[in-house]
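*Asks:* My questions all concern the structure below.
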Amino acid sequence: MKLGIYPGCSLTGSARDYNESVFAIAKACDIQLEQVPDWNCCGATAAHNMNKELSLSLPARILAQAEKAGLTDIVIPCAACYSRLMVTQHELNNDPVLKNRISEIIEMDFKGTTNILNVVQMIDLYVSPVLKEKIVKNFSHKVACYYGCLMVRPYKVLQYDQHEDPQGMDNVIRLLGGTAIDWGYKVECCGAGLTMSKTEIVGMLSGKIVKDAARRGAQAIVVACPMCHSNLDMRRPAINEYIGEKMDIPVIYITQAIGLALGIDEKTLGLQRHFVPVKMAEYIPPVPESKKQKAKEPTNTI
Amino acid sequence: MSSASNHEIHVDNSLSGLILKHTEVPVQKCYQCGKCSAGCPVVSEMDYPPSLILRMLQTGLPEMEEKVLRSYSIWLCLSCEQCISRCPMEIDIPKMMDYLRQVSYKKKMVNPRAKNIVRFHKAFLDSIRTTGRLSEFGLTVDYKLRSLKMMQDLTLVPSMISRGKLGFIPEMIKGTKEMAKIFAKTTGLKSEEEK
């Protein structure tokens, strides 16, 4: 199974752990990930705040590069990149004049035919079906799945999951043998792009998220976005300051949760790179042989 | 005149007219239910909540429009898209905010409290203009120089390095010339070649 991938800049730097775990589970499930050749930055918040044409041209170049390389399906692990590329493809496909203008700017053909997947869609399509046979230890934890903004919004464009109460990651956690809690901050914003320019606001927004997850007894927060991860993990000092106590709830990527259940070692999954120490493996009891059959069947799938 | 009185949607020279023309966002359709402000994660930090921004634009009064363009709110908006997902009239507020920011910046009306947000965006774009990809290290140094917030996050550096999360050498893409052209065409900034 071959699939294109657009990693985005974070995955080469502050979110190397995410990158490592995406590739690790892909390898375990026989998915060949091929990078979009010579990809560039999607422009993120900075581009669409400052310049509309630039904010469409940068993602358009990436998509055109994927088209040129014959990558019909690409997965975008970063939720922010995913949203930018989806919005660009949507806007250009709905406005032929703008599409021509942007094609001229990037001096490339842009067809707008790429099938863009977020990481959970990739998991649903290619990982979940083989999960049952590959799980070696159940991920038997109580976790809070945090989707943030850009994986589910703008809903009209993305049309992915339920935008107020998404279930994609929750279902994956249940398949792994874990429990996904009901909580209030699933799709609230972590502060994203203000992480450096307004750190105190990020402390407040991310603080509310961490506090609610911990108060409801989650053992970890599960994310699928490098921005969410760095705000909830790396910005923990600002969060602790906002809450007024030290919070030790770890933040892990959904791909790391899968990796742990597949028996991939923590280093390969990049768990040692987190700021808030992750000790999930210690809690996980191995599945006894007698119960292995039972564990294969998810018990509480909705 | 005041198009708010009859809720007609038409393009005129008011700011709301320009918004409609450039973004197709119908400001006049807002009937002030306040859902956007209720769900906005940063409303407590804003000078005007999103629904009030819409109301101010609806009046079409130049002094109100100036207040909007000089507001802190438009820069604080995170584009989290919560408002649009809940708006009963499907008014794309984040798209409108993008446009307002761009006008505010072009007209040099950026709110003083938002200066660092703009500095960050500019440092970000400069970083990708030259290399094609974002160098988080380069961005951090550049932003610090621009904002003079030298000490902020300094303690993070050693721990980021030990975790392998900070790359010092920027990744260069092959298409740096293409990138320079894209920037030149969209921002009017000349590429190195043209200089």
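The numbers here are math on the coordinates, done by the rules we state, and not lab data. This is a predicted model, so every value here is computed, not measured. Note that each Cβ is placed from the backbone with ideal geometry, even for glycine, and that neighbours are counted across all protein chains shown.
*Asks:* What is the local net charge at residue A:71, summed over the other residues whose Cβ is closer than 12 Å to its Cβ (Lys, Arg +1; Asp, Glu -1)?
*Replies:* On the way: positive: A:2, A:68; negative: A:34, A:67, A:73.
Taking every Cβ under 12 Å from that of residue A:71, the sum is -1.
*Asks:* Tell me, B:105, B:143, A:6 in order of fewest to most beta-carbon neighbours within 10 Å? Kindly include the intermediate steps, with their values, before the conclusion.
*Replies:* Working: B:105 20, B:143 23, A:6 26.
So the ranking, lowest neighbour count to highest, is B:105, B:143, A:6.
*Asks:* Taking the DSSP beta bridges in the protein assembly as shown as the whole, what percent of them are antiparallel, to the nearest 5?
*Replies:* On the way: 1 of 19 bridges.
Around 5 percent of the beta bridges assigned by DSSP in the protein assembly as shown are antiparallel ones.
*Asks:* Let me ask something else about it. In whole Å, what are the extents of region A:136-296 along the principal axes defined by its C-alpha atoms, from largest to smallest?
*Replies:* Per principal axis, max minus min of the Cα coordinates gives 53, 37, 28 Å.
*Asks:* Just counting partner chain Cβ atoms within 10 Å, what average do the residues of peptide B:165-176 show around their Cβ? Could the numbers behind the result be given before it?
*Replies:* On the way: counts 12, 3, 5, 0, 0, 2, 4, 0, 7, 2, 8, 2.
Taking the mean over all residues of the peptide, I get 4.
*Asks:* Please give the contour-minus-distance gain from residue B:31 to residue B:141: 0.36 nm per residue of separation, less the Cα-Cα distance, rounded to one decimal in nm.
*Replies:* On the way: separation 110, 0.36 × 110 = 39.60 nm, distance 4.51 nm.
Stretched out fully, the residue B:31 to residue B:141 stretch lengthens by 35.1 nm.
*Asks:* Using 1/(1 + (r/R0)^6) with R0 = 60 angstrom and r between the beta carbons of residue A:32 and residue B:159, what's the FRET efficiency to the nearest 0.05? Show your work: numbers first, answer last.
*Replies:* Numbers: r = 34 Å, r/R0 = 0.57.
Computed FRET efficiency for residue A:32 and residue B:159 comes out at 0.95.
*Asks:* Turning to a different aspect of this structure: Taking 8 Å as the Cα distance limit and 6 or more residues as the minimum spacing, I'd like the relative contact order of region A:120-189 as a percentage.
*Replies:* On the way: 80 pairs, mean separation 30.0, N = 70.
Relative contact order of region A:120-189: 43 percent.
*Asks:* Averaged over peptide A:152-158, how many Cβ atoms belonging to another chain are found within 10 Å of each residue's Cβ? Present the calculation step by step, with values, prior to reporting the outcome.
*Replies:* Working: counts 2, 8, 8, 4, 5, 1, 1.
Mean partner-chain Cβ count within 10 Å for A:152-158: 4.
*Asks:* Order these by the 10 Å Cβ neighbour count, fewest first: B:120, A:23. Mind dumping the intermediate values first?
*Replies:* On the way: B:120 24, A:23 19.
The order, fewest Cβ neighbours first, is A:23, B:120.
*Asks:* Let me ask you something else. Taking each residue of B:73-84 in turn, how many C-beta atoms of other protein chains fall within 10 Å of its C-beta, and what is the average?
*Replies:* Per residue, the average neighbour count from other chains is 6.
*Asks:* Mind scanning A:186/B:95; A:208/A:246; A:2/A:132 and naming the pairs with a C-alpha gap bigger than 18 Å? Show your work: numbers first, answer last.
*Replies:* On the way: A:186/B:95 23 Å; A:208/A:246 13 Å; A:2/A:132 21 Å.
Flagged as over cut-off: A:186/B:95; A:2/A:132.
*Asks:* So which cysteines in chain B don't have a second cysteine's C-beta under 4.7 Å from them?
*Replies:* Among the cysteines of chain B, those whose Cβ sits 4.7 Å or more from every other are B:30, B:33, B:40, B:77, B:87.
*Asks:* Same structure again: So what is the calculated 222 nm ellipticity per residue for the protein assembly as shown, using -39500 (n - 2.57) for each DSSP H run with n of 4 or more, over all residues, to the nearest 500 deg cm²/dmol?
*Replies:* On the way: 26 runs with 238 residues, N = 497.
So the calculated ellipticity at 222 nm is -13500 deg cm²/dmol.
*Asks:* Here's another thing I want to ask about it. Treat each spin label as a single point 7 Å out from the Cα along the C-beta direction, and report the residue B:63 to residue A:267 distance in nm.
*Replies:* For residue B:63 paired with residue A:267, the spin-label model returns 6.9 nm.
*Asks:* Continuing with the same structure: By count of other Cβ within 10 Å, fewest leading, how are A:127, A:87 ordered? Write down the numbers at each step before the final one.
*Replies:* Details: A:127 23, A:87 20.
Lowest count first: A:87, A:127.
*Asks:* So for chain A, averaging the separation of alpha carbon pairs under 8 Å that are six or more residues apart and normalising by length, what relative contact order in percent results?
*Replies:* 21
*Asks:* Also: Taking Cα atoms of region A:2-118, Rg/Rh with Kirkwood Rh, to two decimals?
*Replies:* Details: Rg = 14.0 Å, Rh = 14.3 Å.
Rg divided by Rh gives 0.97.
*Asks:* Computed on alpha carbon atoms, what radius of gyration and Dmax characterise the protein assembly as shown, expressed in Å?
*Replies:* 22.6, 79
*Asks:* List the GluC sites (Glu not before Pro) within region A:236-269 that DSSP assigns to loop and that have no more than 11 neighbouring Cβ atoms inside 10 Å.
*Replies:* Working: sites: A:241, A:245, A:266; in loops: A:245, A:266.
Qualifying residues, ordered by number: A:245.
*Asks:* Taking the 0 to 90 degree range and rounding to the nearest ten, how far is the long axis of helix A:199-215 tilted relative to the main principal axis of chain A, both from C-alpha atoms?
*Replies:* Rounded to the nearest ten degrees, it is 40.
*Asks:* Go through A:24, A:65, A:54 and say which Cα lies farthest out towards the positive end of the charge dipole of chain A; charges sit on Cβ, +1 for Lys and Arg, -1 for Asp and Glu.
*Replies:* Towards the positive end, the residue furthest out is A:24.
*Asks:* Given R₀ = 22 Å, what would the calculated FRET efficiency be for residue A:104 paired with residue A:157, taking r from the Cβ atoms and rounding to 0.05?
*Replies:* On the way: r = 24 Å, r/R0 = 1.07.
Calculated value: 0.40.
*Asks:* Most mobile of B:181, B:95, B:29 per a Gaussian network model of chain B (Cα springs, under 10 Å)?
*Replies:* B:181
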